[in-house]
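Here the structure is laid out as structure tokens; the discussion comes afterwards.
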Amino acid sequence: MNFRSDVYESDEKLVRDIVTSTGFFNEEEINIAVELVSERLQKGESSGYLFLFAEVAGVTVGYSCYGHIAGTEHSYDLYWIAVHKDYRGKGIGHQLLTASEDDILKRGGHRIYIETSSRAQYDPTRAFYLSANYQIATILDDFYAPGDSKYIFLKIV
């Protein structure tokens, strides 16, 4: 597997395809994922959005998007990490997460925050973060909707 950090116009479609394939996100969320790619294309790194794309045999199969949290010294948010459904269960997500953490550390980051939903469909997502040594920092009840809380995970690197 190879990783690339350069962002190309074709990544807008790739990100849409990857995020849509997961079956986890609604149209608004999918559009937000693509908007972050568009903003990065327009503003470069000054957009605050950094990307890593995972490629297997020349095919982009997953990506992460993360950035420094404004007003903090060493804290980063991992906004998105997704692997195309056809490539899930092959360890790509863990490799992509590790590569993202390595880049964050190289940039001076030491605290990585990730948020996700409490809905049952996100049980595997929460288990994934716990298996990568993230801790539950807090749970915000009814954040997204009644009965849909926000889990905030933290890893100190």
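No lab work stands behind these numbers, since they all come straight from the coordinates. Keep in mind the model is a prediction, meaning the values are calculated, not measured. Note that each Cβ is placed from the backbone with ideal geometry, even for glycine, and that neighbours are counted across all protein chains shown.
Computed 3J(HN,Hα) for the stretch 146-157, one whole-Hz value per residue from the Karplus formula 6.51 cos²θ - 1.76 cosθ + 1.60 where θ = phi - 60°, is x, x, 10, 8, 9, 8, 10, 9, 9, 10, 9, 10, glycine and proline marked x.
Normalised by 2.2 N^0.38 Å, where N counts its residues, the alpha-carbon radius of gyration of the stretch 1-49 equals 1.17. A simple spin-label model places the labels of His94 and Asp123 2.1 nm from each other, with each point 7 Å out along Cα-to-Cβ. Between Ile32 and Asp148, the contour length at 0.36 nm per residue exceeds the alpha carbon distance by 39.8 nm. Based on the Kirkwood radius over alpha-carbon pairs, what value in µm²/s does the Stokes-Einstein equation return for the translational diffusion coefficient of the stretch 2-156 at 4 °C and 1.567 mPa s? My calculation gives 82 µm²/s for D. Sorted on the mean count of surrounding Cβ atoms within 10 Å across their residues, most packed first, peptides 113-121, 12-20 read 12-20, 113-121. Remark: spin-label model distance Ser46-Tyr8 equals 2.5 nm, labels positioned 7 Å along the Cα→Cβ axis. Evaluating 6.51 cos²θ - 1.76 cosθ + 1.60 at θ = phi - 60° for every residue in the stretch 54-67, the Karplus couplings come out as 8, 10, 10, 6, x, 9, 6, 10, x, 7, 10, 9, 8, x Hz, glycine and proline recorded as x.
An oblate overall shape is assigned to the stretch 57-144, the ratio a/c of its alpha-carbon gyration tensor axes (a ≥ b ≥ c) being 1.5 or greater and a/b not exceeding b/c.
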